[in-house]
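The values are calculated or read from the model by the stated rules, or taken from the named source; none is laboratory data. Since we're looking at a predicted model, the values are computed, not measured. Note that each Cβ is placed from the backbone with ideal geometry, even for glycine, and that neighbours are counted across all protein chains shown.
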(Lines give C-alpha, C1' and ligand atoms only; values in the text may rest on other atoms or scores of the structure.)
Protein backbone atom coordinates (compact mmCIF):
# COMPACT_ATOMS: atom_id res chain seq x y z
CA UNK A 1 0.00 0.00 0.00
CA UNK A 2 1.48 3.32 -1.06
CA UNK A 3 1.65 6.34 1.21
CA UNK A 4 -1.10 8.77 0.23
CA UNK A 5 0.45 12.23 0.13
CA UNK A 6 -1.46 15.50 0.14
CA UNK A 7 -0.10 18.96 -0.58
CA UNK A 8 -1.61 22.15 0.80
CA UNK A 9 -0.27 25.02 -1.30
CA UNK A 10 0.49 22.88 -4.34
CA UNK A 11 0.71 25.79 -6.78
CA UNK A 12 3.57 27.56 -5.02
CA UNK A 13 7.11 26.78 -6.09
CA UNK A 14 7.79 24.38 -3.19
CA UNK A 15 4.40 22.72 -3.66
CA UNK A 16 4.99 22.23 -7.38
CA UNK A 17 8.41 20.76 -6.65
CA UNK A 18 6.82 18.33 -4.21
CA UNK A 19 4.54 17.19 -7.03
CA UNK A 20 7.53 16.63 -9.33
CA UNK A 21 9.34 14.51 -6.74
CA UNK A 22 6.32 12.53 -5.54
CA UNK A 23 5.35 11.62 -9.09
CA UNK A 24 8.53 9.53 -9.19
CA UNK A 25 8.31 8.09 -5.68
CA UNK A 26 8.06 4.28 -5.59
CA UNK A 27 6.29 4.16 -2.21
CA UNK A 28 3.99 7.19 -2.38
CA UNK A 29 1.27 8.67 -4.54
CA UNK A 30 -0.35 12.08 -4.63
CA UNK A 31 -3.86 11.74 -3.20
CA UNK A 32 -5.05 15.35 -3.14
CA UNK A 33 -3.83 18.91 -3.56
CA UNK A 34 -5.16 22.32 -2.62
CA UNK A 35 -4.54 25.94 -3.54
CA UNK A 36 -6.32 29.08 -2.39
CA UNK A 37 -5.40 31.00 -5.53
CA UNK A 38 -6.28 28.26 -8.02
CA UNK A 39 -9.04 26.26 -6.30
CA UNK A 40 -11.09 24.35 -8.86
CA UNK A 41 -8.35 24.43 -11.50
CA UNK A 42 -6.13 21.59 -12.66
CA UNK A 43 -2.53 21.77 -11.53
CA UNK A 44 -1.49 21.10 -15.13
CA UNK A 45 -3.26 24.29 -16.17
CA UNK A 46 -1.09 26.23 -13.71
CA UNK A 47 2.09 24.31 -14.57
CA UNK A 48 1.83 22.96 -18.14
CA UNK A 49 4.91 20.78 -17.52
CA UNK A 50 2.58 18.45 -15.65
CA UNK A 51 0.10 17.87 -18.51
CA UNK A 52 -0.82 14.20 -18.51
CA UNK A 53 1.33 13.60 -15.43
CA UNK A 54 -0.64 15.37 -12.74
CA UNK A 55 -4.03 16.68 -13.81
CA UNK A 56 -5.41 16.74 -10.28
CA UNK A 57 -7.84 19.54 -9.50
CA UNK A 58 -6.93 21.88 -6.66
CA UNK A 59 -9.47 21.21 -3.93
CA UNK A 60 -9.83 22.39 -0.37
CA UNK A 61 -7.52 22.00 2.59
CA UNK A 62 -10.12 19.80 4.30
CA UNK A 63 -10.21 17.43 1.33
CA UNK A 64 -6.43 17.10 1.43
CA UNK A 65 -6.47 16.16 5.13
CA UNK A 66 -9.30 13.69 4.64
CA UNK A 67 -7.76 11.86 1.68
CA UNK A 68 -4.09 11.73 2.73
CA UNK A 69 -1.81 9.84 5.13
CA UNK A 70 0.73 12.67 5.18
CA UNK A 71 0.07 16.34 4.54
CA UNK A 72 2.79 18.66 3.28
CA UNK A 73 2.10 22.30 4.13
CA UNK A 74 3.78 24.48 1.52
CA UNK A 75 2.31 27.71 2.86
CA UNK A 76 3.69 30.94 4.37
CA UNK A 77 4.43 31.17 8.07
CA UNK A 78 1.44 31.80 10.29
CA UNK A 79 -0.86 29.43 8.40
CA UNK A 80 0.33 26.01 9.58
CA UNK A 81 -0.62 25.72 13.23
CA UNK A 82 -4.37 25.27 12.69
CA UNK A 83 -3.69 22.82 9.87
CA UNK A 84 -1.30 20.85 12.08
CA UNK A 85 -4.04 20.47 14.70
CA UNK A 86 -6.46 19.15 12.09
CA UNK A 87 -3.89 16.61 10.89
CA UNK A 88 -2.98 15.38 14.35
CA UNK A 89 -6.61 15.03 15.37
CA UNK A 90 -7.24 13.03 12.19
CA UNK A 91 -4.24 10.79 12.89
CA UNK A 92 -2.29 12.08 9.89
CA UNK A 93 1.39 12.96 9.59
CA UNK A 94 2.17 16.65 9.07
CA UNK A 95 5.29 18.10 7.45
CA UNK A 96 5.53 21.88 7.53
CA UNK A 97 7.68 23.56 4.89
CA UNK A 98 6.97 26.91 6.56
CA UNK A 99 8.50 28.31 9.73
CA UNK A 100 5.75 27.85 12.30
CA UNK A 101 7.36 24.90 14.10
CA UNK A 102 11.05 25.49 13.48
CA UNK A 103 11.91 27.70 16.45
CA UNK A 104 11.66 26.16 19.91
CA UNK A 105 11.72 29.50 21.73
CA UNK A 106 8.36 31.27 21.53
CA UNK A 107 9.95 34.63 22.31
CA UNK A 108 12.18 34.24 19.25
CA UNK A 109 9.15 33.32 17.13
CA UNK A 110 7.32 36.40 18.38
CA UNK A 111 10.32 38.61 17.62
CA UNK A 112 11.06 37.34 14.13
CA UNK A 113 7.62 36.24 12.88
CA UNK A 114 5.24 38.40 14.92
CA UNK A 115 3.29 35.34 16.01
CA UNK A 116 2.70 33.11 19.01
CA UNK A 117 2.58 29.39 19.78
CA UNK A 118 -1.16 28.76 19.57
CA UNK A 119 -0.77 25.09 20.54
CA UNK A 120 2.30 24.73 22.80
CA UNK A 121 1.83 20.96 23.08
CA UNK A 122 2.23 20.62 19.32
CA UNK A 123 5.42 22.64 19.39
CA UNK A 124 6.74 20.28 22.06
CA UNK A 125 5.81 17.34 19.84
CA UNK A 126 7.34 18.75 16.65
CA UNK A 127 10.82 17.62 15.60
CA UNK A 128 13.28 19.54 13.45
CA UNK A 129 13.71 17.78 10.13
CA UNK A 130 17.37 18.09 9.18
CA UNK A 131 18.10 14.37 8.72
CA UNK A 132 21.88 14.48 8.47
CA UNK A 133 22.03 16.05 11.94
CA UNK A 134 18.92 14.77 13.72
CA UNK A 135 17.90 11.58 11.89
CA UNK A 136 17.06 9.44 14.91
CA UNK A 137 14.74 12.10 16.32
CA UNK A 138 12.78 12.20 13.05
CA UNK A 139 12.10 8.48 12.59
CA UNK A 140 8.42 7.68 13.05
CA UNK A 141 7.46 11.22 14.09
CA UNK A 142 4.23 12.77 12.84
CA UNK A 143 4.84 16.52 13.23
CA UNK A 144 7.99 17.61 11.42
CA UNK A 145 9.34 21.13 10.93
CA UNK A 146 11.11 21.08 7.59
CA UNK A 147 14.09 23.48 7.44
CA UNK A 148 14.36 25.92 4.58
CA UNK A 149 17.18 26.73 2.22
CA UNK A 150 19.62 28.93 4.15
CA UNK A 151 18.89 27.04 7.36
CA UNK A 152 19.95 23.80 5.68
CA UNK A 153 22.96 25.00 3.71
CA UNK A 154 24.83 26.98 6.37
CA UNK A 155 24.48 24.55 9.31
CA UNK A 156 25.51 21.58 7.15
CA UNK A 157 28.60 23.53 6.09
CA UNK A 158 29.74 24.22 9.66
CA UNK A 159 28.35 21.41 11.84
CA UNK A 160 31.23 18.87 11.78
CA UNK A 161 33.93 21.42 12.60
CA UNK A 162 31.83 22.97 15.33
CA UNK A 163 30.80 19.63 16.84
CA UNK A 164 34.40 18.47 17.19
CA UNK A 165 35.62 21.79 18.57
CA UNK A 166 37.87 22.57 15.63
CA UNK A 167 36.59 26.11 15.15
CA UNK A 168 35.63 28.94 17.45
CA UNK A 169 31.93 29.28 18.19
CA UNK A 170 32.39 33.06 18.09
CA UNK A 171 32.66 35.22 15.00
CA UNK A 172 31.18 32.75 12.49
CA UNK A 173 29.92 34.28 9.25
CA UNK A 174 27.46 32.84 6.75
CA UNK A 175 27.66 34.70 3.44
CA UNK A 176 24.85 33.18 1.38
CA UNK A 177 23.36 33.58 -2.10
CA UNK A 178 19.93 32.42 -3.24
CA UNK A 179 18.08 31.95 -6.47
CA UNK A 180 14.88 33.94 -6.96
CA UNK A 181 12.51 31.03 -6.30
CA UNK A 182 13.41 31.37 -2.62
CA UNK A 183 11.22 34.48 -2.53
CA UNK A 184 8.14 32.47 -3.49
CA UNK A 185 5.79 32.59 -6.48
CA UNK A 186 4.07 35.86 -5.59
CA UNK A 187 5.74 38.68 -7.57
CA UNK A 188 7.82 41.26 -5.73
CA UNK A 189 9.75 44.27 -6.92
CA UNK A 190 13.17 42.81 -6.20
CA UNK A 191 12.34 39.62 -8.15
CA UNK A 192 10.83 41.50 -11.09
CA UNK A 193 12.96 40.55 -14.11
CA UNK A 194 14.29 44.04 -14.99
CA UNK A 195 15.36 44.57 -11.37
CA UNK A 196 16.78 41.09 -10.81
CA UNK A 197 18.50 40.47 -14.14
CA UNK A 198 22.09 41.73 -14.38
CA UNK A 199 21.99 42.57 -10.67
CA UNK A 200 23.41 41.09 -7.49
CA UNK A 201 22.68 42.53 -4.06
CA UNK A 202 22.43 41.76 -0.37
CA UNK A 203 19.15 42.08 1.51
CA UNK A 204 17.98 42.05 5.12
CA UNK A 205 21.60 42.46 6.17
CA UNK A 206 22.10 41.29 9.77
CA UNK A 207 18.30 41.25 10.11
CA UNK A 208 17.11 38.04 8.43
CA UNK A 209 14.64 35.83 10.32
CA UNK A 210 16.61 32.67 9.47
CA UNK A 211 19.47 33.78 11.73
CA UNK A 212 18.01 32.46 15.03
CA UNK A 213 17.10 29.17 13.37
CA UNK A 214 20.66 28.59 12.16
CA UNK A 215 21.98 29.54 15.59
CA UNK A 216 19.52 27.13 17.21
CA UNK A 217 20.72 24.24 15.03
CA UNK A 218 24.42 24.90 15.53
CA UNK A 219 23.92 25.41 19.27
CA UNK A 220 22.33 21.96 19.46
CA UNK A 221 25.24 20.48 17.52
CA UNK A 222 27.97 21.83 19.80
CA UNK A 223 26.05 21.89 23.08
CA UNK A 224 26.39 25.60 23.81
CA UNK A 225 24.83 28.83 22.64
CA UNK A 226 26.42 30.23 19.49
CA UNK A 227 25.81 33.34 17.44
CA UNK A 228 26.69 34.12 13.85
CA UNK A 229 26.57 36.90 11.30
CA UNK A 230 24.31 36.06 8.36
CA UNK A 231 24.12 38.07 5.14
CA UNK A 232 21.87 36.78 2.31
CA UNK A 233 22.12 37.88 -1.31
CA UNK A 234 19.78 37.49 -4.26
CA UNK A 235 21.21 35.89 -7.38
CA UNK A 236 19.69 36.39 -10.86
CA UNK A 237 19.06 32.63 -11.24
CA UNK A 238 15.97 30.51 -10.62
CA UNK A 239 17.31 27.84 -8.27
CA UNK A 240 20.19 27.32 -5.89
CA UNK A 241 21.77 28.30 -2.58
CA UNK A 242 25.48 28.89 -2.12
CA UNK A 243 26.58 29.29 1.49
CA UNK A 244 30.15 30.49 1.99
CA UNK A 245 30.82 30.16 5.72
CA UNK A 246 33.81 31.51 7.62
CA UNK A 247 35.08 30.47 11.06
CA UNK A 248 38.30 30.88 13.03
CA UNK A 249 40.30 27.68 13.41
CA UNK A 250 41.23 26.75 16.95
CA UNK A 251 44.94 26.58 17.76
CA UNK A 252 46.80 23.72 16.13
CA UNK A 253 43.97 22.59 13.86
CA UNK A 254 45.09 21.56 10.38
CA UNK A 255 43.23 21.11 7.11
CA UNK A 256 43.68 17.36 7.54
CA UNK A 257 41.90 17.57 10.91
CA UNK A 258 39.03 19.39 9.25
CA UNK A 259 38.70 16.87 6.42
CA UNK A 260 38.81 13.96 8.85
CA UNK A 261 35.99 15.49 10.92
CA UNK A 262 33.78 16.02 7.87
CA UNK A 263 34.48 12.49 6.63
CA UNK A 264 33.52 11.03 10.01
CA UNK A 265 30.23 12.92 10.11
CA UNK A 266 29.22 12.87 6.45
CA UNK A 267 31.21 10.03 4.90
CA UNK A 268 28.21 7.69 4.79
CA UNK A 269 25.60 10.32 3.97
CA UNK A 270 24.07 9.70 0.56
CA UNK A 271 22.92 13.27 0.01
CA UNK A 272 26.08 15.04 1.16
CA UNK A 273 28.98 14.99 -1.27
CA UNK A 274 32.31 16.09 0.20
CA UNK A 275 34.30 17.43 -2.72
CA UNK A 276 37.98 16.61 -3.21
CA UNK A 277 40.62 19.08 -2.14
CA UNK A 278 40.88 21.92 -4.64
CA UNK A 279 37.29 21.62 -5.90
CA UNK A 280 34.70 24.31 -5.12
CA UNK A 281 30.98 23.73 -4.55
CA UNK A 282 28.77 25.11 -7.34
CA UNK A 283 24.98 25.42 -7.37
CA UNK A 284 24.92 24.21 -10.99
CA UNK A 285 26.05 20.75 -9.90
CA UNK A 286 23.17 20.17 -7.46
CA UNK A 287 20.37 21.66 -9.53
CA UNK A 288 17.05 19.73 -9.45
CA UNK A 289 18.45 17.31 -6.86
CA UNK A 290 18.49 16.61 -3.13
CA UNK A 291 22.27 16.73 -2.89
CA UNK A 292 24.36 19.08 -0.78
CA UNK A 293 27.90 19.57 -2.10
CA UNK A 294 30.46 20.79 0.42
CA UNK A 295 33.96 22.03 -0.33
CA UNK A 296 36.50 22.77 2.40
CA UNK A 297 39.22 25.40 2.28
CA UNK A 298 41.72 26.66 4.85
CA UNK A 299 43.35 30.07 4.77
CA UNK A 300 46.58 29.32 6.61
CA UNK A 301 47.62 32.98 6.68
CA UNK A 302 44.61 34.00 8.79
CA UNK A 303 43.72 30.66 10.39
CA UNK A 304 40.28 30.64 8.80
CA UNK A 305 38.09 27.74 7.74
CA UNK A 306 36.05 28.48 4.62
CA UNK A 307 33.33 25.86 4.26
CA UNK A 308 31.17 26.21 1.14
CA UNK A 309 27.92 24.33 0.63
CA UNK A 310 25.69 24.25 -2.44
CA UNK A 311 22.10 23.01 -2.54
CA UNK A 312 19.03 23.42 -4.71
CA UNK A 313 16.79 25.64 -2.61
CA UNK A 314 13.69 23.90 -3.99
CA UNK A 315 15.26 20.44 -3.48
CA UNK A 316 17.35 19.89 -0.37
CA UNK A 317 16.27 23.34 0.75
CA UNK A 318 12.54 22.60 0.59
CA UNK A 319 10.62 19.82 -1.17
CA UNK A 320 13.40 17.23 -1.43
CA UNK A 321 14.16 17.42 2.24
CA UNK A 322 10.44 17.25 3.05
CA UNK A 323 10.16 13.97 1.14
CA UNK A 324 13.31 12.73 2.90
CA UNK A 325 11.54 13.47 6.18
CA UNK A 326 8.41 11.66 5.00
CA UNK A 327 10.52 8.61 4.23
CA UNK A 328 11.97 8.65 7.75
CA UNK A 329 8.54 9.19 9.29
CA UNK A 330 6.98 6.23 7.46
CA UNK A 331 9.97 3.89 7.65
CA UNK A 332 10.63 3.54 3.91
CA UNK A 333 14.07 3.82 2.31
CA UNK A 334 15.38 7.29 3.10
CA UNK A 335 16.55 7.88 -0.47
CA UNK A 336 13.26 6.71 -2.04
CA UNK A 337 12.09 9.06 -4.78
CA UNK A 338 15.12 11.30 -4.31
CA UNK A 339 17.85 9.79 -6.43
CA UNK A 340 17.45 12.40 -9.14
CA UNK A 341 20.72 13.03 -10.98
CA UNK A 342 21.55 16.73 -11.41
CA UNK A 343 21.72 17.84 -15.06
CA UNK A 344 25.32 18.12 -16.23
CA UNK A 345 24.80 21.48 -17.93
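Just a few scattered comments:
- Within the range 81-108, if we keep just the residues that are farther than 22 Å from residue 68 by Cα and more than 18 Å from the chain's Cα centre (by Cα), the residue that is surrounded by the most Cβ atoms within 10 Å (Cβ to Cβ) turns out to be 108.
- Options 61, 67; residue that is closer than 19 Å to residue 89 by Cα, surrounded by 13 or more Cβ atoms within 10 Å (Cβ to Cβ) and in contact with a helix residue (DSSP H, G or I) (Cβ under 7 Å, 6 or more places away or on another chain): 61
- Hits in the range 135-182 (condition: part of a loop (DSSP other than H, G, I, E, B), farther than 20 Å from residue 13 by Cβ and in the same structural domain as residue 230 (by TED's automatic domain parsing)): 164, 165, 166, 168, 169, 170, 171
Yes/no matrix, rows are residues, columns are (1) free of Cβ contacts under 8 Å to residues at least 60 places away in the same chain; (2) buried (at least 23 other Cβ atoms within 10 Å of the Cβ); (3) in a loop (DSSP other than H, G, I, E, B):
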| position | (1), (2), (3) |
| --- | --- |
| 1 | yes, no, yes |
| 6 | no, yes, no |
| 16 | yes, yes, no |
| 26 | no, no, yes |
| 32 | yes, yes, no |
| 38 | yes, no, yes |
| 45 | yes, no, no |
| 53 | yes, no, yes |
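- The requirement of being outside any strand (DSSP E or B) and over 25 Å from residue 16 (Cβ atoms) is not satisfied by residue 102.
- Checking residue 326 against (1) closer than 20 Å to residue 5 by Cβ; (2) outside the structural domain of residue 129 (by TED's automatic domain parsing), the condition it does not meet: (2)
- The number of residues in the range 144-170 being surrounded by fewer than 23 Cβ atoms within 10 Å (Cβ to Cβ) and in contact with a strand residue (DSSP E or B) (Cβ under 6 Å, 6 or more places away or on another chain) comes to 1.
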